[in-house]
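The values are calculated or read from the model by the stated rules, or taken from the named source; none is laboratory data. Model, not experiment: these values are computed from the prediction. Cβ coordinates were reconstructed from backbone atoms using ideal geometry, including for glycine residues, and neighbour counts include every protein chain displayed.
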Amino acid sequence: MTKITKAVIPCGGMGTRFLPITKAVAKEILPVIDTPVLAHIVNEAIDSGITDIMIVLGSGKEAIKQYFTPSPALEEALEKSGKLGFLEIVRKTYTRANIVFARQEKPLGSGDAVMKARGFTGNEPFALAWGDDLIYSQKPVMGQLIAAHEKSGKSILGVQTVNTDDIVKYGVAKVGAGDGRLYECLSVVEKPPLDKLPSRLAALGRYVLTPEIYDEIACLKPAAGGEIQFTDALGAMCNKGKVCAYDFEGRRYDMGDKFGAIQATIEYGLRSSEYGEKLRKFLTELVNGQ
């Protein structure tokens, strides 16, 4: 079986839920403490064995490319001032993997964004992650899905159980026979009403895909507004028995949502060896009114 070494991260959308800051800053580059959301996703990919990453940029996402490319003036200034620790941090943003970029000139949907990577991934299976789904896990989630693909030989949809009414915001998997965390995926229903949920397993922004996905996208007819939706292509593969759902381990944050971003910032801060205890003490005193 072909080893998976490539990942695709589409970064589209206007970030309307995070206005006004997204008028000037791409939502994927907003920080969790001092590290952009997208950088965490890139690190997850690298820690999963990915060596080559394509980031698909929508309109207004120029800062993303700037973050992941060298900054000679900054690096020279840091080196001259002896700030070698900061210099190492800056260089790590672009040296841990081969990162390339594609541009989605018009907002024609998630399926169109994925199609931009066809030449990059070729006939190889690849990992796919949306640029505003942050997942904290001891075992990198893309790595979990890659292992599930190696076991099943099929495309993998990353899912988790969502027991709240928020499940209506996501695609929801209808599953068949299971083996541990791995299930046969019969279909994906986009944003179903609560009274018609096929399960409680929601799709949360991580996939491993075989190259067949491109043919399925190419067969789709644009929806209203001219958009081509990735979920429709994945659904077509489900109908052919070519997709499994994997219930991955990890804590997922919706970084396109303001409360999700607040949760991530607090929890990542609490995990920090540098200032976690200080933050915990501060929050305790705050809650207790001290």
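I want to confirm something. Restricting to the stretch 52-66 and keeping residues that are over 19 Å from residue 14 (Cα atoms) and within 14 Å of the chain's Cα centre (by Cα), which single residue is surrounded by the fewest Cβ atoms within 10 Å (Cβ to Cβ)? Show your work before the answer.
Within the stretch 52-66, the subset over 19 Å from residue 14 (Cα atoms) is 52-54.
Now narrow it down to the ones that are within 14 Å of the chain's Cα centre (by Cα): 53-54.
Numbers: 53: 25, 54: 21.
Among those residues, the one meeting the criterion is 54.
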Notebook entry, point to check: Which members of the stretch 1-15 meet the condition of being among the aliphatic types (A, V, I, L, M) and not in a loop (DSSP other than H, G, I, E, B)?
Noted result: 7, 8, 9
Margin query: Return the pair list, or none, for Cβ contacts closer than 8 Å from residues in the stretch 15-37 that are on the phi > 0 side of the Ramachandran plot to residues that are among the polar types (S, T, N, Q) and part of a loop (DSSP other than H, G, I, E, B), at least 6 apart or on different chains.
Written below: 33/272
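Determine, yes or no, whether residue 282 is out of contact with any Cys (no Cβ under 9 Å at 6 or more places or on another chain), part of a helix (DSSP H, G or I) and under 29 Å from residue 14 (Cα atoms). So that I can check it myself, show each step before the final result.
On the way: out of contact with any Cys (no Cβ under 9 Å at 6 or more places or on another chain): yes; part of a helix (DSSP H, G or I): yes; under 29 Å from residue 14 (Cα atoms): no.
Against the criterion (out of contact with any Cys (no Cβ under 9 Å at 6 or more places or on another chain), part of a helix (DSSP H, G or I) and under 29 Å from residue 14 (Cα atoms)), residue 282 does not qualify.
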Check: From the set of residues in the stretch 16-51 that are more than 15 Å from the chain's Cα centre (by Cα), of a type outside the set (Phe, Trp, Tyr) and in a helix (DSSP H, G or I), which is surrounded by the most Cβ atoms within 10 Å (Cβ to Cβ)?
Finding: 22
Margin query: Just checking, does the stretch 69-92 include any residue being within 27 Å of residue 216 (Cα to Cα), surrounded by 15 or more Cβ atoms within 10 Å (Cβ to Cβ) and either under 17 Å from the mean Cα position of the chain (by Cα) or assigned by TED's automatic domain parsing to the domain that holds residue 132 (or both)?
Written below: no
Note to self: Condition first: in a helix (DSSP H, G or I), polar (S, T, N, Q) and touching a Gly at 6+ places or on another chain (Cβ under 7 Å). Can you find one or more residues in the stretch 252-268 that meet it?
What the structure shows: no
